[in-house]
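Have a look at the structure below, then the notes.
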Amino acid sequence: MPWHKWWLPVLTLALVCAPLAAQETTPVRYDNYKLVRVAIKHTGQIDQVHALGAQLMSEGEGLGPVDYLIPPESMPALQKLQVPYRVLNDNIQAAIDAERASMARSRAVSPLDPDWFADYKTLEQVNAKLNQMAADRPDLATVFEVGRSFEDRPIYGIRISGPGAGKPAIMFNGCHHAREWISVMVPMWIADKLVYEYDSDARIQAVVDQIEFFIIPVVNVDGFVYSQVERLWRKNRRPAPPGYSCMGVDLNRNYATGWSVPGGSSASPCSEEYHGTAPFSEPETVAMRDFTLAHPQIVATQSYHNFSQLIMSPYGHTTALPPEHEFFMELNKGQHEAILAVHGVTYEYGPTCTTIYRVSGGDVDWYYVERGIFSFCIELRDTGTYQFLLPADQIIPTCEENMAAALYLAEWFTTPVKFAFPDGLPTRLTPDTPENVTVKVIAVGDTLDVASPRLYSRIGSGGAFTESTLIPLGGNLYQATLPPTPCGRTLEYYFSAATTAGVVGVSPQDAPNTTYDTFAVPIVIVLNEPLSTNPGWTTQGQWAWGVPAGLAGDPQAGYTDGTVYGYNLNGAYTNNMPEYHLTTGPIDCTGLTDTRLSFWRWLGVEKSAWDHAYVRISNDGSTWTNVWENPSTTLIDTAWEYQELDISGVADNQATVYLRWTMGTTDSADVFCGWNIDDVLVRGLDPDGCPPVLGDLNCDGALNVFDIDPFVLALVDAAGYAAAFPTCDRMLADANGDGQVDVFDIDPFVMLLISGD
Ligand code: ZN
């Protein structure tokens with residue numbers, strides 16, 4: 001073995017396990033250890049940082065910002081690496097000391113004392129409170145044993161539910177990772193509220209009566225106990241394999257789905273993300289697996305971790321999206337909003353792998369893939385300063401905001417039939433033209449009657465709804481066809497579907513009291529550029545019309561026209577490229593509202609902290625407004641993607657509009673394709689485009705009983721009518737079409753009113 005290969009594991013092993021020489025009962029100290037956020041730009045830098053004795057403090061490790069605990073003596077060496085970094089916390093031991101002191105003060109607190117949540121708690125205290133809740137409300141709560149840990153400690157959970165059987169169940173769990181103490185307090189808070197506020201809070205009572213809750217506050221019991229000694233311990237307490245001195249397996253990398261997929265866990269026993277010797281090699285994950293398999297009524301799980309303030313859904317081990325993606329995103333967003341509403345704290349959300357980082361062998365993927373469970377992971381507060389040492393005064397606010405998310409989640413599962421609209425719902429309709437809408441329908445924890453989905457629609461308000469059957473498109477997809485709607489008229493509609501047991505669900509939720517509303521208005525297209533030929537737009541640098549030169553990830557065909565491409569950065573995503581622009585000629589948007597730009601894109605670009613891809617708009621070709629920029633994470637299209645942007649703020653009713661695509665890069669170890677653009681369209685609504693309706697004297701777009709009084713006014717008092725309806729046309733009262741508004745129009749107007757509309 002070459003020398004550089006054998007010493008690396010030895011060095012890593014010695015340093016990752018530092019500080020060493022701690023007795024199991026003598027607390028490990030981290031005096032003056034710095035919490036540092038490092039901007040990793042290529043993987044070689046990870047090894048360099050590890051060689052400084054850095055301990056990984058982020059949930060994942062890869063390109064981008066990664067947090068490490070750095071021994072004070074290694075700081076000069078970190079500076080020499082010339083890797084950008086920022087010190088988040090100058091002495092992590094101070095936070096540990098403060099936490100230990102406050103825990104010591106509240107050691108004797110009763111499980112019933114509201115102050116129980118004022119400080120972090122030990123496993124003993126957690127278990128005592130579980131037993132207290134079950135003793136206080138045996139009608140609602142039962143303590144159960146999930147299984148046993150490696151060191152043979154029982155893993156306890158509490159089942160909470162009101163009277164009745166056959167309900168859907170939700171499982172909340174915490175502390176897969178030992179040092180994540182707030183992840184114990186949040187599920188304990190949820191259990192406490194469900195039990196003790198059942199009698200006083202109607203919302204809690206309703207949800208406890210309809211849902212069966214399983215709450216498992218500490219999955220990694222051995223690690224949690226050991227974290228009282230070594231506060232930043234993460235893994236379980238599995239002894240080191242032969243030849244190594246590092247203990248522990250990362251339990252949230254030990255589940256079977258995606259186990260050991262590269263980039264999302266580690267095969268090295270000294271890594272914080274060591275996935276173990278095999279899927280479910282650890283008794284703690286086996287306990288969670290067997291418990292889940294034994295309870296098929298579980299429809300949702302929420303696993304708590306910290307830190308980062310993130311709400312994450314499947315998948316973790318792959319960038320693919322699950323078939324229920326829209327429902328996961330609805331639940332992510334709903335939880336995000338529930339949390340935000342309590343203390344104004346933002347938790348970002350999305351599928352784990354594409355939004356945040358790759359997690360291989362995590363519990364969320366296993367629940368979903370094996371059991372079809374709607375599974376989530378919430379990374380609790382904060383975003384960096386304290387990380388795992390979240391100060392005790394943030395325990396209760398963190399619990400409060402996550403209780404709101406938990407209630408939202410539970411309530412969502414009280415009804416089985418769910419709708420989603422993968423392509424969205426139309427904001428406007430083309431007059432007199434039917435419009436297809438794709439509808440996704442599922443029955444959570446139940447079976448959908450596949451023949452049941454229906455559309456109910458009506459033109460205008462107040463009339464009867466017309467029922468139509470949705471056409472199955474395969475899987476959980478259906479097609480609804482909105483009926484042709486006359487220019488200027490409103491269409492109201494809603495959807496319904498049922499389970500095989502006859503439980504009906506509607507969308508929107510309280511339909512038909514509430515409906516989806518849209519209206520028909522002419523759409524005017526002012527730019528329709530298929531880019532099959534070169535339109536002669538202004539290009540800079542490597543922008544060119546034609547065929548990409550064939551760089552990594554470039555499209556192999558144009559979006560609509562086969563071998564002819566649109567505009568692209570011609571095969572060149574070079575490092576340190578200045579911002580180069582592709583600029584259209586002037587576009588006339590006079591008279592338009594709600595102007596939209598749409599185009600098909602195939603883009604590969606690093607995160608916005610490094611590289612820039614913009615779409616911009618201008619009225620004069622010199623002052624530019626951003627309408628889109630690349631996200632904070634790397635974006636790599638592997639297919640043509642439709643992009644629609646609201647440009648109304650700058651384009652509406654403007655005689656001159658320019659559009660611009662921009663690309664600029666910094667240095668990079670990777671190669672991306674940059675922009676490729678095809679089929680560019682600019683369109684807007686023409687609000688004056690509907691022909692006037694004869695007899696529509698209040699000019700609301702429809703002839704109806706509300707036009708009678710204005711008609712009379714137009715007939716008897718032209719000046720009064722002009723004052724009352726300054727934007728309307730009095731000549732619409734000329735019902736007999738003789739060029740005058742007079743008494744001879746009365747009978748024709750009444751005939752129009754009765755027969756028309
Ligand atoms: Zn964690």
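One table, with the values for the structure above:
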| quantity | calculated |
| --- | --- |
| Of residues in region 327-355 being open to solvent by 50 Å² or more (accessible area, probe 1.4 Å) and in contact with a strand residue (DSSP E or B) (Cβ under 6 Å, 6 or more places away or on another chain), the one nearest to TYR367 (Cα to Cα) | TYR349 |
| Residue match in region 52-75 (condition: surrounded by fewer than 18 Cβ atoms within 10 Å (Cβ to Cβ), of a type outside the set (Asp, Glu) and part of a strand (DSSP E or B)) | yes |
| Condition broken by VAL682, with the remaining ones in (1) in a strand (DSSP E or B); (2) surrounded by fewer than 14 Cβ atoms within 10 Å (Cβ to Cβ) satisfied | (2) |
| Residue check, ASP115 away from the ligand (no atom under 16 Å from the Cβ), open to solvent by 60 Å² or more (accessible area, probe 1.4 Å) and in contact (Cβ under 8 Å) with a residue 24 or more places away in the chain | no |
| Residues located in region 736-749, provided they are surrounded by 14 or more Cβ atoms within 10 Å (Cβ to Cβ), over 55 Å from the mean Cα position of the chain (by Cα) and outside any loop (DSSP other than H, G, I, E, B) | ASP745, ILE746, PRO748 |
| Residue selected from region 194-216 under the condition closer than 14 Å to MET403 by Cα and within 27 Å of the chain's Cα centre (by Cα), by the criterion most open to solvent (accessible area, probe 1.4 Å) | ARG203 |
| Flag for GLN93 being farther than 28 Å from VAL261 by Cα and either surrounded by 20 or more Cβ atoms within 10 Å (Cβ to Cβ) or away from the ligand (no atom under 16 Å from the Cβ) (or both) | yes |
| Selection count, region 224-239, where residues are in contact with a Leu (Cβ under 8 Å, 6 or more places away or on another chain) and open to solvent by less than 20 Å² (accessible area, probe 1.4 Å) | 5 |
| Flag if PHE374 is more than 16 Å from the ligand (Cβ to nearest atom), of a type in the set (Phe, Trp, Tyr), over 12 Å from the mean Cα position of the chain (by Cα) and open to solvent by less than 40 Å² (accessible area, probe 1.4 Å) | yes |
| First in region 168-190 and β-branched (Val, Ile, Thr) and open to solvent by 10 Å² or more (accessible area, probe 1.4 Å), second anywhere and more than 8 Å from the ligand (Cβ to nearest atom) and in a strand (DSSP E or B), Cβ under 8 Å, 6 or more apart | none |
| Total residues in region 298-310, condition within 14 Å of the ligand (Cβ to nearest atom), among the hydrophobic types (A, V, I, L, M, F, W, C) and within 17 Å of PHE328 (Cα to Cα) | 1 |
| Failed condition for CYS699, given (1) more than 48 Å from the chain's Cα centre (by Cα); (2) open to solvent by 50 Å² or more (accessible area, probe 1.4 Å) | (1) |
| Single match in VAL66, VAL28 (criterion: within 16 Å of the ligand (Cβ to nearest atom), at pLDDT 50 or above, within 24 Å of GLY223 (Cβ to Cβ) and not basic (Lys, Arg)) | VAL66 |
| Top-ranked residue of region 132-153 - restricted to ones that are part of a strand (DSSP E or B) and open to solvent by 30 Å² or more (accessible area, probe 1.4 Å), ranked as farthest from ASP192 (Cα to Cα) | ARG148 |
| Region 96-112, residues that are open to solvent by 40 Å² or more (accessible area, probe 1.4 Å), closer than 17 Å to TRP181 by Cα, free of Cβ contacts under 8 Å to residues at least 40 places away in the same chain and not acidic (Asp, Glu) | ALA101, ALA104, ARG107 |
| Failed item in (1) open to solvent by 40 Å² or more (accessible area, probe 1.4 Å); (2) closer than 24 Å to ASP250 by Cβ; (3) under 33 Å from the mean Cα position of the chain (by Cα); (4) in contact (Cβ under 8 Å) with a residue 40 or more places away in the chain, with VAL36 passing the rest | (1) |
| Any hit, region 452-463, residues being under 26 Å from the mean Cα position of the chain (by Cα), assigned to a strand (DSSP E or B) and modelled with pLDDT of 95 or more | no |
| When residues of region 544-568 are limited to those that are at pLDDT below 60 and open to solvent by less than 30 Å² (accessible area, probe 1.4 Å), the one farthest from THR656 (Cα to Cα) | TYR565 |
| Odd one out for PHE172 among (1) out of contact with any His (no Cβ under 8 Å at 6 or more places or on another chain); (2) more than 16 Å from the ligand (Cβ to nearest atom) | (2) |
| Residue ranges of strands (runs of 3 or more DSSP E) in region 238-355 with at least 3 members touching a residue at least 40 places away in the same chain (Cβ under 8 Å) | 298-306, 310-313 |
| Residue that is under 20 Å from ASN402 (Cα atoms) and modelled with pLDDT of 95 or more, where the choices are SER313, SER308 | SER313 |
| Unmet requirement for GLU273, which otherwise passes all of (1) in contact with a strand residue (DSSP E or B) (Cβ under 9 Å, 6 or more places away or on another chain); (2) among the acidic types (Asp, Glu); (3) at pLDDT 95 or above | (3) |
| Every pair of residues 6+ apart whose Cβ atoms lie under 6 Å, when the first sits in region 510-531 and is within 17 Å of GLU435 (Cα to Cα) while the second is among the charged types (D, E, K, R) and open to solvent by 70 Å² or more (accessible area, probe 1.4 Å) | VAL521/ARG428 |
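Table: residues versus (1) more than 16 Å from the ligand (Cβ to nearest atom); (2) under 29 Å from the mean Cα position of the chain (by Cα); (3) surrounded by 22 or more Cβ atoms within 10 Å (Cβ to Cβ); (4) on the phi > 0 side of the Ramachandran plot.
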| position | (1), (2), (3), (4) |
| --- | --- |
| GLY264 | no, yes, yes, no |
| ALA267 | yes, no, no, no |
| MET288 | no, yes, yes, no |
| LEU293 | yes, yes, no, no |
| PRO296 | yes, yes, no, no |
| TYR315 | yes, yes, yes, no |
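The values are calculated or read from the model by the stated rules, or taken from the named source; none is laboratory data. Note that the structure is predicted; figures quoted are calculated from it, not measured. Backbone-built Cβ (ideal geometry, glycine too); neighbour counts: all protein chains shown. The accessibility values were calculated without ligands, DNA or RNA, using every heavy atom of the protein model including side chains. Shrake-Rupley method; radii C 1.70, N 1.55, O 1.52, S 1.80 Å.
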